[in-house]
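Data block below; observations after.
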Amino acid sequence: MEVEGGGDFTEDDFGSINSDDNLLDSYEGENIGGPCSTAMSKLQVQLNDLINRHKAPIQLHDDIVHLFNDYISSDNFSKYGKLKTRKSFIKQLESTHPGVKALRPDNKQVTLHDGTMVTVPVFDARAMIIDILTNPELMMKENIAEGYDIFTGDVDEDHESNQKYGEIHTGDEWIPARDHYCKSDHNLPNGMPVALVIFGDKSHTDLHGALALTPIIFTLSFFNQNCRNKQNFFEGAWICA
C-alpha cells in the first residue's frame, strides 16, 4: 500500500501502529489539545484497552469518562486524593454505614443429598426488605399503589383504582391473606404487612447446561405496577445451580 507523502506502507507497519504500546509511545512529547493532554490521552488509551480485555460494553468507556469528568469538575475535588480498591472501599462503607453490612451474604455449609458439602451464600431477607423501606428515593407517595394503606394493608373500596383488578391488593385473596398472617394473636399488633413479589429465571452459562445461575429478586407489593416494572425497585442476588 502506498500513502501520499510517504512511500510504501506495509501490513507490519499497520499492526505496529495499532498496538496499544505504540499508541502510548506516539503520545510521548506531543501536546494535543492543550496542557496535560499527553497524560489524559494515555489514560484514555489504557482505559479503552482495559475495557476491551475484559470484554465490557464499549459504552462503558464513555460512562467512565463522564463519571470522572463530573468528579474532576466538582467543588471538593483534590488532586492529592487517591481512590481505594473495591474491597477497601466496601469495608469503609460498612464501618461508616452499619446498615450496609447487613446486606452482605453469609457463607453457609450445606449438605447435599449425596453427602457432599457445598458453600452457599445466604442473604438476610429482613435486611433487604428494610433497605427498600428506608430508601427515600423509592418510598415516595407517587410510587405507592393508589387506594392502599401501606401501614395496615387496608383497601379503600370506594377508590376509583380499586374498582377493577390491577394491583396486588385488588385481588380477592389479599384481605384474607393479610388477616391470616398479620392480624393473628401470634403476630405483633402493630406489625406492617409487607408482601413480596418474587422473580426467578434460571440462565445457563455453558453449552451443555451443567453450569447455571438463577437470579432470585423481589420487590414489595404495595409499589404500583409502573414501579414494579423497574429494576431499581428490586433487591436480590444470583444463586449458582
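The values are calculated or read from the model by the stated rules, or taken from the named source; none is laboratory data. Predicted, not measured: the structure shown is a model, and the values here were computed from it. Cβ sites come from the backbone with ideal geometry, for glycine too, and all protein chains shown count toward neighbours.
Residue-wise test of (1) under 27 Å from Leu103 (Cα atoms); (2) touching a helix residue (DSSP H, G or I) at 6+ places or on another chain (Cβ under 6 Å); (3) of a type outside the set (A, V, I, L, M).
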{"residue": "Gly147", "(1), (2), (3)": "no, yes, yes"}
{"residue": "Ile150", "(1), (2), (3)": "yes, no, no"}
{"residue": "Glu160", "(1), (2), (3)": "no, no, yes"}
{"residue": "Pro176", "(1), (2), (3)": "no, no, yes"}
{"residue": "Ser203", "(1), (2), (3)": "yes, no, yes"}
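Determine which member of the set Glu94, Glu30 is more than 19 Å from the chain's Cα centre (by Cα) and modelled with pLDDT under 90.
Glu30
Please name all residue pairs, on different chains or six or more residues apart, with Cβ atoms under 9 Å, provided the first residue is in the range 70-90 and is over 25 Å from Lys101 (Cβ atoms) and the second residue is surrounded by 10 or more Cβ atoms within 10 Å (Cβ to Cβ) and among the small types (Gly, Ala, Ser).
none
Of everything in the range 166-185 that's modelled with pLDDT of 90 or more and assigned to a loop (DSSP other than H, G, I, E, B), which residue is surrounded by the most Cβ atoms within 10 Å (Cβ to Cβ)?
Restricting to residues being modelled with pLDDT of 90 or more and assigned to a loop (DSSP other than H, G, I, E, B), the top hit is Glu167.
Give just the number: which of (1) out of contact with any strand residue (DSSP E or B) (no Cβ under 6 Å at 6 or more places or on another chain); (2) loosely packed, with under 10 Cβ neighbours inside 10 Å does Gln109 not satisfy?
(1)
Sort out for me the helices (runs of 4 or more DSSP H) sitting completely within the range 55-109 that have 1 or more residues that are within 17 Å of Phe123 (Cβ to Cβ) and hydrophobic (A, V, I, L, M, F, W, C).
86-96, 98-101
Yes/no per residue for (1) of a type in the set (D, E, K, R); (2) not in a helix (DSSP H, G or I); (3) not assigned by TED's automatic domain parsing to the domain that holds Thr219:
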site: Arg126; (1), (2), (3): yes, no, no
site: Ile130; (1), (2), (3): no, no, no
site: Glu146; (1), (2), (3): yes, yes, no
site: Ile150; (1), (2), (3): no, yes, no
site: Gly153; (1), (2), (3): no, yes, no
